[in-house]
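**Q** Mind having a look at this structure? Questions to follow.
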Amino acid sequence: MLKPLVSAALRHRAVVIVISLGLLGLSIDAFRKLPVDAFPDVTNVQVQVATVVPGRSPDEVERLATIPIEIGMTGLPGMTEMRSQNEPGLSIITLVFTDDTPVYFARQLVSERLDEVRSRLPAGVNPVLGPVATALSEVYQYTLEKPGDGERALTKEELMERRTIQDWVVRPLLRSVAGVAEINSTGGYVRQYQVLVDPVKMRYYGVTIADVHRALSRNNENASGGILPQGPEVFLVRGLGLLRNIEDIRSIVIKEFRNTPVYLRDLAEVRIGEEVRYGAMLKGGYTEAVGGIVSMIAGGNAKEIVSRIKERVEQINRNNMLPGGLQIVPYYDRSELVDAALATIARVLQEGIVLVVIVLFLFLGDLRSSVIVIATLILTPAVTFLVMERTGMSANLMSLGGLAIAIGLMVDGSVVIVENVFAQLGHRKDEPKSRVILDSVMEVGTPVIFGITVIIVVFLPLMTLQGMEGKMFSPLAYTIAIALAVSLLVSLVLSPVLCSFFLKGGAEHETFFVRWSKRLYLLLATRALRNPVITAATAILLFASSLALVPFLGTSFIPEFKEGTISPNMDRAPNISLDESLQMEAEAVREIRKIPGVKHVVSRLGRGESPVDPAGYNETDMMIQLLPLKERPGITQEMVEDRVREILNRFPGVNVVMAQPISDRVDEMVTGVRADVAVKIFGDDLDQLLKAARETARIAMRIRGTGDVKIDRVAGQMNIDAVIDRAAIARYGLNIEDVNDVIAAAVGGKPATEIYEGERRFEAVVRYPERFRNSVESIRSILLETPTGADVPLSALADIRIQEGLSQVRREGGRRRVVVGINIRDRDLGGYVAELQNVLREKVPLPSGYYFEFGGQFENLERARGHLMIIVPVTIGIIYFLLFLLFQSLRPAFLIISVLPFASIGGVVALYLTGMYLSVPASVGFIALWGIAVLNGVVLVSQIRSLRETGLDVGEAVMRGASQRFRPVMMTATIAALGLIPFLFATGPGSEVQKPLAVVVIGGLISSTALTLVVLPAIYRWFDDIA
């Protein structure tokens, strides 16, 4: 198989060159089309169901909406998890499906079940599906500003005008951009027509609030009289009665009183007001603002979609398409992070390639040989991009990081082949060049094929990872596998062809660097061969010593990705008013703006217009954009975070959790919790759950490494409850609905109809003026009319009192839960959770039916660890089987497998010396390290066995084989290590994730190369199977 392939390539050299150039051209075009993002989308397949239940408390929302919907969703095909959040007036249920479930199929299943559930929900309650978006969908955020705004505070009228423009002008313009899933409007005041009825005047005219509501609703409609044929023409017959303005509303007739019509203006003030606000936006601490959050569709190309959005924004601003000179001003742009992350990878790739070229020249000393190997460095990444584009993979931090890791690996096959061809051409000058090249390739081809295949196989564990870690690291593994497969084909087909063109033969020579290195190596190898027992014992002792370091490494999931934007979440007392929350937030933002390195600060309080935005106005999501790294020398993101935490902790009653936009959303959507560790406490009684949660938080604060601690704000929302006295309403001939309707309309305001202004429409609401509903006494004084015409105060029908209620209720798997969220600082995740679990087991006993679960990043770590413990041994078994197929013997296969633990020595020591944790990226480093070690072992042992088959004795075969394979083994190891050196010094976004991997591989290659070149020859005699 191999010989015909190489022979055909050498016979049709021009065809091979043309095909290579054609692939290069196609690859350039594919690279331009490749989807680009900063981060792989790790969100699971999920569907969110949002249900607005106006005015209801969390426990009522749970009872009336959440539980019926949860029961209806039970047993959905492919559903793996169901959790819900119940806020005042809002229920959000998140349904998680298996990764192989198409999201649109999942939405169809949920939609069908909702159709069945709607009949069991209260009248007017209509659940809706959330947008087709993921944790990475929020790609662009902006405010609406005028050039002359400066730092003045906007008036309420300006905020209302800008919110109207945002809802009815900006949102449709941006929603039409291809790839946009949703525009979530935030801040400002939503315009509303308000009919403020005077209860005194209503009593005088004998009118109830229900009469006003009915009259407003019935006097705002058009009607159709069908069509009227008139000879050759047809006319549409219409009755036109839509309300057009405030004067039309004032002119509505309510009733006749003493032969005189009673107009709405006689008993009510009609005005333009604003809807009750559940959120706001603050910019810079000096003014409220209006803006929006643009979410892209799931699976979209972030770079491309943001580019389209920016083009549309530039067009809108340039052509003055917004009224009043308003401009769209972004304060968060995902493309900046994408560009920074890709720039980090591109810089690492460039530096790695330069180092690889230098190493090639140092070892080969021949410019033409180096150029042939460099051709592999050019064509392999290019064709990899082509395959990625064709298979739907995206270019992101992890997939391109895999390519950067593979820089040192993808030239291994070509290095071995070119080095052997170069050497053979020097020995066999009189033979035809094509025959020498073919023989040279055949001599090392099989070991190269098996060696690179083994490297691909060692990445099998990453391809089989599940959950968040699988979505994150499988692109890296697939990219490496694709690159290595392409490099193998290039080295077997293109490299021999280029050798036939460029290598002219001549005396074999070694560079000064190689000669000097080999001289030292042969002295060391000779001593090792003379003392195999001591050599093996030393290697075992080093391995045992490295194992002793493992307990001191600590474990973590993935190093925190520095996005360049900080998004601290603040949680205040649940009963805080929006105005008070705004005042506190403005003070905090003004202080944060003064921190060196901060570019600008925008803060969102409460929820926006999106139905799946559940925050209360006691919750704040701040967006602190940092200056680029080059503009804040010496100021790290951690330094800014510490200063922000210090400022926010000054405010009383505030829970602070430091986060970043992407990681925050990922944690929330994947695990339902925004924290490194989530201690979930399940049960039925919220008081008991809160008691356990507070004790858990108290214990956590005493454990070393605790950063931020946040308990779900379950209680603390103060309610004004009107407990209706059934006996009292019976005496007056009233029922519960009569009383509740008056409370709902007079205090909360009851929508009666919608007023159209061209394409825009706004609610018209009937309610009491503020002075009649702004205190408990005012509410007690609300009058109700009995069937006999008598007026009865509400206080005579109900016990009206202030009492504490629930602020939220969270559920998971059909049970209530309270979460203690913990962020960890300066300590490994695994060690922290192990200590916390032990302490909780001893000091927080739970009643029967109550239990703990640990989630957050720790849940991902445990799942990844458990999976790797199964798949890694299986992978080692596969490698052993492949080695057996290569050598047709168990002994040499076992000899090479024994390299794996010794290769790990340097990786463990490197982690220990750098203070890094044993994380998933570090585990990936060990996997890559094993592949390189096996490749080098195959190259060395194959040569020794070939020499043994010629009749040489063991000692001579070992020394000659070690000498002949010293250069290729050193080249592959050095190239792989130096290709990763740039990762050690990279500082841009994403470098934090790749750095542990680079540390492990570089440290491990130092030990594995030394042990491969010294220990393997020393102990080969014990495993020799050739008679």
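The values are calculated or read from the model by the stated rules, or taken from the named source; none is laboratory data. All values derive from a computational prediction rather than experimental measurement. Using ideal geometry, Cβ is built from the backbone for each residue, glycine included, and neighbour counts are taken over all protein chains shown.
**Q** Are any of the residues in the range 441-448 crowded, with 24+ Cβ neighbours inside 10 Å and farther than 17 Å from Val934 by Cα?
**A** There is at least one residue in the range 441-448 that is crowded, with 24+ Cβ neighbours inside 10 Å and farther than 17 Å from Val934 by Cα.
**Q** Only one residue in Ile480, Ile437, Ile452, Ile456 is over 19 Å from the mean Cα position of the chain (by Cα) and either of a type in the set (S, T, N, Q) or farther than 16 Å from Thr380 by Cα (or both). Which one? Walk me through how you get there before you give the answer.
**A** On the way: Ile480 fails: either of a type in the set (S, T, N, Q) or farther than 16 Å from Thr380 by Cα (or both); Ile452 fails: either of a type in the set (S, T, N, Q) or farther than 16 Å from Thr380 by Cα (or both); Ile456 fails: either of a type in the set (S, T, N, Q) or farther than 16 Å from Thr380 by Cα (or both).
It is Ile437.
**Q** Between a residue in the range 970-985 that is among the aromatic types (Phe, Trp, Tyr) and buried (at least 21 other Cβ atoms within 10 Å of the Cβ) and any residue that is part of a helix (DSSP H, G or I) and at pLDDT 80 or above, which pairs come within a Cβ distance under 7 Å, given they are 6 or more apart or on different chains?
**A** Filtered contacts from the range 970-985: Phe983/Lys995; Phe983/Ala998.
**Q** While we're here: For the range 673-687, state whether one or more residues are within 17 Å of Ile800 (Cβ to Cβ) and modelled with pLDDT of 90 or more. Outline the logic, then answer.
**A** Kept after step one, since they are within 17 Å of Ile800 (Cβ to Cβ), are these residues of the range 673-687: none.
No: the range 673-687 contains no residue that is within 17 Å of Ile800 (Cβ to Cβ) and modelled with pLDDT of 90 or more.
**Q** Taking the range 16-39, which residues are of a type outside the set (Val, Ile, Thr), surrounded by 12 or more Cβ atoms within 10 Å (Cβ to Cβ) and within 14 Å of Leu342 (Cβ to Cβ)?
**A** Those that are of a type outside the set (Val, Ile, Thr), surrounded by 12 or more Cβ atoms within 10 Å (Cβ to Cβ) and within 14 Å of Leu342 (Cβ to Cβ): Phe31, Leu34, Pro35, Asp37, Ala38, Phe39.
**Q** Could you list, in sequence order, the residues of the range 53-85 that are assigned to a loop (DSSP other than H, G, I, E, B) and charged (D, E, K, R)? Write out each step before concluding.
**A** Initially, the range 53-85 is screened for residues assigned to a loop (DSSP other than H, G, I, E, B), giving 53-57, 74-78.
Of everything in the range 53-85, just one residue is assigned to a loop (DSSP other than H, G, I, E, B) and charged (D, E, K, R), namely Arg56.
**Q** State whether one or more residues within the range 941-960 are surrounded by 24 or more Cβ atoms within 10 Å (Cβ to Cβ), charged (D, E, K, R) and more than 40 Å from the chain's Cα centre (by Cα).
**A** No, the conditions are met nowhere in the range 941-960.
**Q** Here's another thing I want to ask about it. Return only the number of the condition from (1) in a helix (DSSP H, G or I); (2) of a type in the set (Gly, Ala, Ser); (3) free of Cβ contacts under 8 Å to residues at least 24 places away in the same chain that Gly951 does not satisfy.
**A** With respect to (1) in a helix (DSSP H, G or I); (2) of a type in the set (Gly, Ala, Ser); (3) free of Cβ contacts under 8 Å to residues at least 24 places away in the same chain, Gly951 is out only on (1).
**Q** Mind checking which helices (runs of 4 or more DSSP H) fall wholly inside the range 400-495 and carry at least 1 residues that are closer than 29 Å to Gly856 by Cα?
**A** Where helices (runs of 4 or more DSSP H) fall fully within the range 400-495 and carry at least 1 residues being closer than 29 Å to Gly856 by Cα, they are 433-458, 460-463.
**Q** Any chance the range 741-761 includes a residue that's crowded, with 16+ Cβ neighbours inside 10 Å, farther than 24 Å from Asn86 by Cα and of a type in the set (Phe, Trp, Tyr)?
**A** No, that holds for no residue.
**Q** In addition: Quick check on my filter: what residues within the range 860-897 are crowded, with 18+ Cβ neighbours inside 10 Å and outside any helix (DSSP H, G or I)?
**A** none
**Q** I'm trying to understand the selection: among the residues of the range 262-287, which are under 20 Å from Ser610 (Cα atoms) and either in contact with a Phe, Trp or Tyr (Cβ under 9 Å, 6 or more places away or on another chain) or surrounded by 23 or more Cβ atoms within 10 Å (Cβ to Cβ) (or both)?
**A** The initial filter retains those residues of the range 262-287 that are under 20 Å from Ser610 (Cα atoms), namely 274-282.
If the condition is that a residue be under 20 Å from Ser610 (Cα atoms) and either in contact with a Phe, Trp or Tyr (Cβ under 9 Å, 6 or more places away or on another chain) or surrounded by 23 or more Cβ atoms within 10 Å (Cβ to Cβ) (or both), then Glu274, Glu275, Arg277, Tyr278, Gly279, Ala280, Met281, Leu282 are the ones that fit.
**Q** Now a separate question. When you scan the range 992-1010, do you find a residue that is in contact with an Asp or Glu (Cβ under 8 Å, 6 or more places away or on another chain) and part of a helix (DSSP H, G or I), even just one? It would help to see each step written out before you state the result.
**A** First, pick out the residues of the range 992-1010 that are in contact with an Asp or Glu (Cβ under 8 Å, 6 or more places away or on another chain): 992.
Now restrict to residues that are part of a helix (DSSP H, G or I): 992.
Scanning the range 992-1010 turns up at least one residue that is in contact with an Asp or Glu (Cβ under 8 Å, 6 or more places away or on another chain) and part of a helix (DSSP H, G or I).
**Q** A further question follows. If you scan the range 726-748, which residues turn out to be part of a helix (DSSP H, G or I) and free of Cβ contacts under 8 Å to residues at least 24 places away in the same chain? Steps first, please.
**A** Applying the first criterion (part of a helix (DSSP H, G or I)) to the range 726-748 yields 726-731, 736-748.
The answer is Arg726, Ala727, Ala730, Arg731, Ile736, Glu737, Asn740.
**Q** Can you report the number of residues in the range 836-853 which are closer than 19 Å to Lys710 by Cα and buried (at least 16 other Cβ atoms within 10 Å of the Cβ)?
**A** Result for the range 836-853: 4.
**Q** A further question on this structure: Please enumerate the residues belonging to the range 184-242 that are on the phi > 0 side of the Ramachandran plot and touching a residue at least 40 places away in the same chain (Cβ under 8 Å).
**A** Here is the first cut: in the range 184-242, the ones on the phi > 0 side of the Ramachandran plot are 187-188, 206, 226, 231.
Result: Gly187, Gly188, Gly206.
**Q** Sticking with this structure for a sec: Taking the conditions exactly as written (charged (D, E, K, R), surrounded by fewer than 18 Cβ atoms within 10 Å (Cβ to Cβ) and out of contact with any Asp or Glu (no Cβ under 9 Å at 6 or more places or on another chain)), does Glu161 satisfy them or not? First the steps, then the outcome.
**A** Values: charged (D, E, K, R): yes; surrounded by fewer than 18 Cβ atoms within 10 Å (Cβ to Cβ): no; out of contact with any Asp or Glu (no Cβ under 9 Å at 6 or more places or on another chain): yes.
Considered against the rule, which asks whether it is charged (D, E, K, R), surrounded by fewer than 18 Cβ atoms within 10 Å (Cβ to Cβ) and out of contact with any Asp or Glu (no Cβ under 9 Å at 6 or more places or on another chain), Glu161 comes out as no.
**Q** Give the residue, chosen from Ile452, Ile480, that is surrounded by 20 or more Cβ atoms within 10 Å (Cβ to Cβ), more than 28 Å from Glu560 (Cβ to Cβ), touching a Leu at 6+ places or on another chain (Cβ under 9 Å) and not charged (D, E, K, R). Let's see the steps before the verdict.
**A** Numbers: Ile480 fails: more than 28 Å from Glu560 (Cβ to Cβ).
From the options Ile452, Ile480, the qualifying one is Ile452.
**Q** Of the residues Ile576, Ile595, which single one is β-branched (Val, Ile, Thr), part of a loop (DSSP other than H, G, I, E, B) and either modelled with pLDDT under 80 or under 30 Å from Tyr832 (Cβ atoms) (or both)?
**A** Numbers: Ile576 fails: either modelled with pLDDT under 80 or under 30 Å from Tyr832 (Cβ atoms) (or both).
So the residue among Ile576, Ile595 that is β-branched (Val, Ile, Thr), part of a loop (DSSP other than H, G, I, E, B) and either modelled with pLDDT under 80 or under 30 Å from Tyr832 (Cβ atoms) (or both) is Ile595.
**Q** Right, next: Out of Leu895, Leu935, Leu984, which single residue is within 33 Å of the chain's Cα centre (by Cα) and modelled with pLDDT under 85? Can you show your working first?
**A** Numbers: Leu895 fails: within 33 Å of the chain's Cα centre (by Cα); Leu935 fails: within 33 Å of the chain's Cα centre (by Cα).
None of the other options fit; the residue is Leu984.
**Q** Within the group Val139, Val49, Val132, which residue is touching a residue at least 60 places away in the same chain (Cβ under 8 Å), over 30 Å from Arg271 (Cβ atoms) and either of a type in the set (Phe, Trp, Tyr) or assigned to a loop (DSSP other than H, G, I, E, B) (or both)? Write out each step before concluding.
**A** Numbers: Val139 fails: either of a type in the set (Phe, Trp, Tyr) or assigned to a loop (DSSP other than H, G, I, E, B) (or both); Val49 fails: either of a type in the set (Phe, Trp, Tyr) or assigned to a loop (DSSP other than H, G, I, E, B) (or both).
The unique qualifying residue is Val132.
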